[in-house]
Amino acid sequence: MRKTITDESLRLLINSLIKEGTRVVAPKKAGAMTLYAPLAAGDELTLDSLPRRSAKEAFFPLCENILAYRKDKDGVKIKDIDPASFPETVLVGARPCDAAAPAILDAVFSWDYHDEFFLERRRKTTIVGLACTVADDACFCPAVGLSPSDTTGSDLFLTPLTGGGYACEAVTGKGEALLAGHSRLFEEREAVQPLPPAEPQQEKLDLARIKEWLDGHFEDPLWEEIASRCAGCGACAFLCPACHCFDIVDEGTEGKGVRRKNWDACGFSKFTNHASGHNPRDLQNKRYRNRIMHKFKYYHDKFGQTLCTGCGRCVRGCPVGIDIRAVLEKINERG
Amino acid sequence: MSTNHDMTAIPLPATVIELRKLSDDTTLFRLRLDDAIAARRLKVIPGQFVQLSVPAGGEVPISLAALPGEDGALELCVRRVGHVTALLHTLAPGAGVAIRGPYGNGFPVTDWRGKNVLLLAGGLGIAPLRSLLHFLLRHRSDFGEITLMYGAREPAAILFKEELSELSGRRDMHLFLTVDFVSEEPPGGLVCHTGLLPGLLSGVNFTTENTVAALCGPPALYRCVVEELQGFGFPADSIFLSLERRMKCGVGLCCHCAIGELFCCTDGPVFRYADLRGVEGAL
């Protein structure tokens, strides 16, 4: 017997969760784009395409206030933001490349300092993953060890069925709880026929071989060759489910304001720039090198994981057409 | 989660109690935390830094230029170079700011007991080394010979002139000063060489046996001073460098200060040269 849910019941489930006070984040139309965003109703769910940005913003918003300050005659007063106030959340329709990413980021957000802004959202979020039945020519999850039907990172996993609806597989206790709490919306079916999974046209990359080359080639003519056209726009980092660097800026006046944690990108020329004008990464190819090194060497050295889930967004979004797969293949050839 | 007195999680309000102009563009800020309990609990290792913020400006990482004073005051040496430091330079005593930290490892002073210590400062690099020197002098009998070599661009750019004048009269340490060029007489009767720090290093006598070197200065200084020190026979694990990077979060998350897989804010800012040799892009 397999648990299944119809498309209509999935939308009813979303309505029911919202009614209970749960925040539901899922792909929805935002003008010409699809984005992961809080839904007001199940009708808004849009599962026909990969959202423009990844689902990481359900845990790590593009921009969030981390404190507020106020200054009066008695001095400066600082008001902390309490992560305990974050709502219970269900992330619905996360593609395998997006569902796998938050678990990779757990390592950095808890390795020493515990970033409760991220970790509390992780604790309070149930991820409902969705298998991909269509891939485009930028998708490359198999190259980094995932697949269009990989359940890594999902709590509950949906597989689209022939004739509509989804097979539902509880992957974790959180997923089981979601099923149990709304059992009337799910059906038990004896025979189900899943739609065939998508088949991204991508060979598996030898990540160990790539890392081995990176270990010994911090200085190499290749960096200039592949990154000379990088415009430093940061689009790749902003679209990436695994990039996680951020900036801390104050916005306000002398009297009052907020401190914000904003996404940032190591590709920006000012990312490492000192006020004195000294810049440890003074050239764009050094910044691009850091991007590749961080994803395929440093993060692996430190946490044993790769900072890439093969979603292909950086390939689709790069304005100068840098294809990370071609970069990795070049490295692989040299390795 | 943050507790009331955990300064690494959220900044604590502080008040500017004194400003001391050290040069045209550099001022020593003496601050006191508004929360007396937090001020009392504050433990500082020489070489650590804090994130100092000013309303309407934002945060800036600044080395602690001294150990907390008996009055609980913190001393930060701030050069006017960017928008936050420019705003800081407009403040008057009584102004409200905020501090979080201290962050970073600081100098491993407990490992240095019984050793001679050579401090090498270039320009504003004197700030973290001043807190180190204060520590060494406070625990004078724990250490061997103490030598401070300090280079500045010109006589007017020498920071802490009065203190240096006092230090030059001490018999329990050696002080050598140098300036890149001389356009005027060094003030306060300070004896001053002319030339760059590596030149000073090769021109004066100091003990190299059982000696650790602590270096902080502008980025261009490190390679040539390290080379000079190695020429004198300093092993790579006896050379300690305090590096400058653009620290933002201070807690090893945001990646702004990454040096390879190391974070300057949590793995540093003080690194053994032996640990940086394999880390390309570090110096």
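The values are calculated or read from the model by the stated rules, or taken from the named source; none is laboratory data. Bear in mind that the values here come from a model prediction, so they are computed numbers and not experimental data. Neighbour counts run over all protein chains shown; Cβ positions are idealised from the backbone, glycine included.
Brief remarks follow.
- Candidate set from region B:103-129 (those that are in a strand (DSSP E or B) and away from every other protein chain (no Cβ under 14 Å)); member that is nearest to the chain's Cα centre (by Cα): B:Ala121
- Taking (1) outside any loop (DSSP other than H, G, I, E, B); (2) farther than 19 Å from B:Thr147 by Cα; (3) within 14 Å of chain A (Cβ to nearest Cβ) in turn, B:Pro219 satisfies each apart from (1).
- Pairs, first within 8 Å of another protein chain (Cβ to nearest Cβ) and within 22 Å of A:Lys71 (Cβ to Cβ) in region B:40-61, second in a loop (DSSP other than H, G, I, E, B) and β-branched (Val, Ile, Thr), C-beta under 7 Å, six or more apart: B:Ala56/A:Thr253
- Residues located in region A:108-155, provided they are among the polar types (S, T, N, Q) and in contact (Cβ under 8 Å) with a residue 24 or more places away in the chain: A:Thr125, A:Thr126, A:Thr133, A:Ser147, A:Ser149, A:Thr151, A:Thr152, A:Ser154
- Residue list for region A:30-76, filter: touching a Phe, Trp or Tyr at 6+ places or on another chain (Cβ under 7 Å) and small (Gly, Ala, Ser): A:Ala55, A:Ala58
- Every test in (1) small (Gly, Ala, Ser); (2) exposed (fewer than 15 other Cβ atoms within 10 Å of the Cβ); (3) within 14 Å of chain B (Cβ to nearest Cβ) is passed by A:Gly75 save one, and that test is (2).
- Flag if B:Gly72 is farther than 21 Å from B:Ser202 by Cα, in a loop (DSSP other than H, G, I, E, B), of a type in the set (Gly, Ala, Ser) and not assigned by TED's automatic domain parsing to the domain that holds B:Arg223: yes
- Looking only at region B:232-257, and only at residues there that are free of Cβ contacts under 8 Å to residues at least 12 places away in the same chain and in contact with a helix residue (DSSP H, G or I) (Cβ under 9 Å, 6 or more places away or on another chain), the one that is farthest from A:Asp112 (Cα to Cα): B:Cys255
- Taking the criterion of being within 14 Å of another protein chain (Cβ to nearest Cβ) and of a type outside the set (A, V, I, L, M, F, W, C), the residues of region B:9-28 that qualify are B:Pro11, B:Pro13, B:Thr15, B:Asp25, B:Thr26.
- Count of region A:244-278 residues which are crowded, with 19+ Cβ neighbours inside 10 Å, aromatic (Phe, Trp, Tyr) and more than 7 Å from chain B (Cβ to nearest Cβ): 1
- Identity of the residue in region A:157-210, among the charged types (D, E, K, R) and in a loop (DSSP other than H, G, I, E, B), that ends up nearest to A:Ile14 (Cα to Cα): A:Glu190
- Close pairs from region B:85-113: first in contact (Cβ under 8 Å) with a residue 60 or more places away in the chain, partner of a type in the set (Lys, Arg), Cβ under 6 Å, at least 6 apart: B:His89/B:Arg80; B:Gly96/A:Lys71
- Residues located in region B:253-280, provided they are surrounded by fewer than 20 Cβ atoms within 10 Å (Cβ to Cβ), in contact with a Phe, Trp or Tyr (Cβ under 7 Å, 6 or more places away or on another chain) and within 13 Å of chain A (Cβ to nearest Cβ): B:Gly260, B:Glu261, B:Glu280
- Counted residues, region A:211-234 - those being surrounded by 13 or more Cβ atoms within 10 Å (Cβ to Cβ), among the charged types (D, E, K, R), assigned to a helix (DSSP H, G or I) and more than 27 Å from the chain's Cα centre (by Cα): 1
- B:Leu19 vs. criteria touching a strand residue (DSSP E or B) at 6+ places or on another chain (Cβ under 7 Å), crowded, with 20+ Cβ neighbours inside 10 Å and closer than 26 Å to B:Glu163 by Cα: no
- Residue in region A:141-161 that is within 19 Å of the chain's Cα centre (by Cα), of a type in the set (D, E, K, R) and either modelled with pLDDT under 95 or surrounded by fewer than 21 Cβ atoms within 10 Å (Cβ to Cβ) (or both) present: no
- The strands (runs of 3 or more DSSP E) found wholly in region A:14-123 and carrying at least 1 residues that are under 30 Å from A:Arg184 (Cα atoms) and not charged (D, E, K, R) occupy A:23-30, A:33-38, A:89-94.
- Residue pairs whose Cβ atoms lie under 7 Å apart, separated by 6 or more positions or on different chains, with the first residue in region A:285-301 and over 14 Å from A:His244 (Cβ atoms) and the second of a type outside the set (A, V, I, L, M) and in a helix (DSSP H, G or I), are A:Asn285/A:Trp223; A:Asn285/A:Glu224; A:Tyr288/A:Trp223; A:Arg289/A:Trp223; A:Phe296/A:Lys211; A:Lys297/A:Lys211; A:Lys297/A:Asp215; A:His300/A:Lys211.
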